[in-house]
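Undergrad: Take this structure first; my questions come after.
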Number of protein chains: 2
Amino acid sequence: MQHGEIVTDPVLVEVLRGDIVESVHRGAVAVVDAAGTPVLSLGDVERPVFPRSAVKAIQALPLVESGAADAYGFGDKELALACASHNGEPAHAALAAAMLARAGLDGAALECGTHWPGQFEATLALARNGGEPSDLHNNCSGKHAGFICTCTHLGVDHRGYIAAGHRSQELVREAMQSVTGARHDQANSAIDGCSIPTYAVPLNDLALGFARMTTGEGFSPERARAAKRLMAACMAEPFYVAGTGRADTRLMSAAPGRVFVKIGAEGVFCAALPELGLGIALKSLDGGERAADVIIAALLARLVRPTDGDLADRLTEMAHPPVRSRKGVPVGTLRPTAALG
Amino acid sequence: MQHGEIVTDPVLVEVLRGDIVESVHRGAVAVVDAAGTPVLSLGDVERPVFPRSAVKAIQALPLVESGAADAYGFGDKELALACASHNGEPAHAALAAAMLARAGLDGAALECGTHWPGQFEATLALARNGGEPSDLHNNCSGKHAGFICTCTHLGVDHRGYIAAGHRSQELVREAMQSVTGARHDQANSAIDGCSIPTYAVPLNDLALGFARMTTGEGFSPERARAAKRLMAACMAEPFYVAGTGRADTRLMSAAPGRVFVKIGAEGVFCAALPELGLGIALKSLDGGERAADVIIAALLARLVRPTDGDLADRLTEMAHPPVRSRKGVPVGTLRPTAALG
């Protein structure tokens, strides 16, 4: 990566305290259609970006395509959880355990690592009850349950499924490469927070991948069906994709079936607008999640405004969250810059 | 603030996953001596920045100068806590309560707002014991206890001490204005997280203020003594300035009595090197604390290297913290860029 490329990304979000700008966030945005035609480009959309968890719907394709999802009777909730970065709320952890139980396994099969629930209230409740977190509370436990179920259905030993050389990750890599059209190999890989490989891919290719996921263009009929089923499951059960108060859940709940969004760590979002046939990928350059939340809301508002002003207004409101004092009093605001239109 | 000024700040920190840059942080740095002569300037050091909690040592001057600290028998620990953004660990909350008890008051007098302890382990312990946080756990409770004790000692009603028009905040504003030489008025003010006014001041003026705090140059003898006493208290009791694992505590513990540092919210640090007579102020432009931690460590390493290579090496190591997976395995690193020297 060239330093010169980094510096071209514009300021997309301002953080105001009173009426003075306190902090700013830069970022890059790619919006393309399924033919790869750019609809909107801000900043450097050809620089490789680790999508992290934003591509979980693509990573879940083998779960459906292998027949595992049907064999284990997974419905929308299970498929949404397989695409999720969830809060570790009780319902999330319980559903991940139930998915593994269908394969005759339990949380001990997970290799994603343990952390306390992402939702603070869930952490407090667990601590107050004398509990400890397990791998089931890991925000990636649904995705990993999906990996494991794919293995057991295919008759592959699931142990070590997080390694790049395991059949599980070979299937994931094939899906990622074919959907985005970008190379996925040792040279652009690193290790994700949940210990599986992650690959740095240009935002343009990620956006193209999600335009294809929502339209099925360029896919085999089987893949097109699997992609639409996963996207539909997430839009039908947005709580299971993230959880209480989270941007993914709020944005998908604002327009049921019409907006797909998925956050990734370090300020990434991938998204799709099925009605418009568009795919979206963005990164807050400093990795700031608060900025990514504002960028995706402002961007979706801009894209849907010509066809749905009411939805655009609600999204615009979500793009201006308040900054509060410790007493909960609003003392400032976040806001998108003019670059986001 | 002009948009054009913001964009000049250089990339100061890179976040690597594997050997690929995943995220970057820009920032500005001012290092000056007590005459105001610049030693190092990176980015726009004339743009006003809210210093937030980084100026608590200046805000604590009235506590010492009024005679309240002596009247209530405050030693290094109490003065360090008055300058602190602490973790809300049991020792922090208990000392804040003890300070208020000297004035015949308790935590109910605090007007800073309640939040769970900043240290996750302290939050877990509180929840496991069936406890709830109070204003004493607020990271600013020591500063507010200092404000209240100053009022009671001066015979001023402490109620409403957080308001800009209260005698308490007038004393704070006079100290801030006189030490930094920058204006502090309605036009550059907003409300801090703990509900008191905060004023946007150029980094150059903040750095000058801390060069004066550590040298006493340009101060009355009384203020010079108060400033040195507060800085010495923080350096003698760095646990009470922040707490377990925090950058302030680790940096001041690395070179007892030779390094003063204080973080502020939204990526700010103010610091001083008494031996070199230098003041430092910096801001991570996106407000990222992880970047501010790297910038201050790298900057201190650069400044002390000519006179203490061993200390510089230890500080340089602190400027390269690992990025870890959920299993605790290192999968990347943060690092300062060449701009930090």
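Undergrad: Filtering segment A:108-122 down to residues that are touching a His at 6+ places or on another chain (Cβ under 9 Å) and in a helix (DSSP H, G or I), which residue is nearest to the other protein chains (Cβ to nearest Cβ)?
TA: Filtering first and then ranking leaves A:A122.
Undergrad: Can you list the helices (runs of 4 or more DSSP H) lying wholly within segment B:236-341 that have 1 or more residues being among the β-branched types (V, I, T) and either within 11 Å of chain A (Cβ to nearest Cβ) or touching a residue at least 40 places away in the same chain (Cβ under 8 Å) (or both)?
TA: Because the criterion is at least 1 residues that are among the β-branched types (V, I, T) and either within 11 Å of chain A (Cβ to nearest Cβ) or touching a residue at least 40 places away in the same chain (Cβ under 8 Å) (or both), the helices (runs of 4 or more DSSP H) in segment B:236-341 that meet it are B:289-304.
Undergrad: Which is modelled with pLDDT under 95 and open to solvent by 10 Å² or more (accessible area, probe 1.4 Å), of B:G309, B:G288, B:G341?
TA: Result of the check over B:G309, B:G288, B:G341: B:G341.
Undergrad: Of the residues B:V32, B:V24, B:V13, B:V39, which single one is at pLDDT 95 or above and within 7 Å of chain A (Cβ to nearest Cβ)?
TA: Within the list B:V32, B:V24, B:V13, B:V39, the selection yields B:V24.
Undergrad: B:R52: touching a residue at least 24 places away in the same chain (Cβ under 8 Å), out of contact with any helix residue (DSSP H, G or I) (no Cβ under 9 Å at 6 or more places or on another chain) and more than 19 Å from B:F219 (Cβ to Cβ), yes or no?
TA: Taking the combined requirement at face value, the residue satisfies it.
Undergrad: So how many residues does segment A:320-335 have that are within 18 Å of A:E289 (Cβ to Cβ) and either among the hydroxyl-bearing types (S, T, Y) or touching a His at 6+ places or on another chain (Cβ under 8 Å) (or both)?
TA: The number of residues fulfilling the criteria is 3.
Undergrad: Give the number of residues within segment A:159-194 that are within 13 Å of chain B (Cβ to nearest Cβ) and in a helix (DSSP H, G or I).
TA: 3
Undergrad: Which one is surrounded by the most Cβ atoms within 10 Å (Cβ to Cβ) among residues in segment A:249-267 that are within 23 Å of A:D308 (Cβ to Cβ) and either of a type in the set (G, A, S) or in contact with a Cys (Cβ under 8 Å, 6 or more places away or on another chain) (or both)?
TA: The extreme case among them is A:K262.
Conditions (1) under 16 Å from the mean Cα position of the chain (by Cα); (2) among the charged types (D, E, K, R); (3) within 17 Å of A:A34 (Cα to Cα), marked per residue:
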| site | (1), (2), (3) |
| --- | --- |
| A:S178 | no, no, yes |
| A:G181 | no, no, yes |
| A:D185 | no, yes, no |
| A:S189 | no, no, no |
| A:S195 | no, no, no |
| A:T198 | yes, no, no |
| A:L206 | yes, no, yes |
| A:F219 | no, no, yes |
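Undergrad: Is at least one residue of segment A:135-158 in contact (Cβ under 8 Å) with a residue 12 or more places away in the chain, surrounded by fewer than 18 Cβ atoms within 10 Å (Cβ to Cβ) and assigned to a helix (DSSP H, G or I)?
TA: yes
Undergrad: Oh, and also: Take segment B:291-302 and flag every residue that is surrounded by 24 or more Cβ atoms within 10 Å (Cβ to Cβ) and over 14 Å from B:A28 (Cα atoms).
TA: If the condition is that a residue be surrounded by 24 or more Cβ atoms within 10 Å (Cβ to Cβ) and over 14 Å from B:A28 (Cα atoms), then B:A297, B:L300 are the ones that fit.
Undergrad: Further question on the same structure: Can you tell me which residue in segment B:325-336 is most open to solvent (accessible area, probe 1.4 Å), limited to those that are touching a helix residue (DSSP H, G or I) at 6+ places or on another chain (Cβ under 8 Å) and over 12 Å from B:R302 (Cβ atoms)?
TA: By that ranking, first place goes to B:R335.
Undergrad: Can you tell me how many residues within segment B:25-38 are more than 10 Å from B:S284 (Cα to Cα) and surrounded by 24 or more Cβ atoms within 10 Å (Cβ to Cβ)?
TA: Here the count works out to 3.
Undergrad: Oh, and also: Would you please list the contacts, defined by Cβ atoms under 8 Å and residues six or more apart or on different chains, that run from a residue in segment A:209-235 that is of a type in the set (S, T, N, Q) to a residue that is in a helix (DSSP H, G or I) and open to solvent by 50 Å² or more (accessible area, probe 1.4 Å)?
TA: The qualifying pairs are A:T214/A:K228.
Undergrad: Working only within segment A:165-210, note down all residues that are among the small types (G, A, S) and under 28 Å from A:R225 (Cβ atoms).
TA: A:S168, A:A175, A:S178, A:G181, A:A182, A:A207, A:G209 - these are the residues of segment A:165-210 that are among the small types (G, A, S) and under 28 Å from A:R225 (Cβ atoms).
Undergrad: Can you tell me which residues in segment B:206-246 are open to solvent by less than 10 Å² (accessible area, probe 1.4 Å) and in contact with a strand residue (DSSP E or B) (Cβ under 8 Å, 6 or more places away or on another chain)?
TA: Within segment B:206-246, B:L206, B:A207, B:G209, B:F210, B:A211, B:M213, B:M231, B:C234, B:V241, B:A242 qualify.
Undergrad: Just for segment B:93-111: of the residues that are within 21 Å of the chain's Cα centre (by Cα) and closer than 20 Å to B:D70 by Cβ, which one is surrounded by the fewest Cβ atoms within 10 Å (Cβ to Cβ)?
TA: For segment B:93-111, the residue satisfying everything is B:L95.
Undergrad: Considering B:G67, B:G131, which residue is more than 14 Å from chain A (Cβ to nearest Cβ) and surrounded by fewer than 18 Cβ atoms within 10 Å (Cβ to Cβ)?
TA: Residue meeting the stated conditions: B:G67.
The values are calculated or read from the model by the stated rules, or taken from the named source; none is laboratory data. Because the structure is a prediction, the values reported are computed rather than measured. In this analysis, Cβ positions are derived from the backbone assuming ideal geometry, glycine residues included, and neighbour counts consider all displayed protein chains. Side chains included, ligands, DNA and RNA excluded: accessible areas come from the protein's heavy atoms. Shrake-Rupley method; radii C 1.70, N 1.55, O 1.52, S 1.80 Å.
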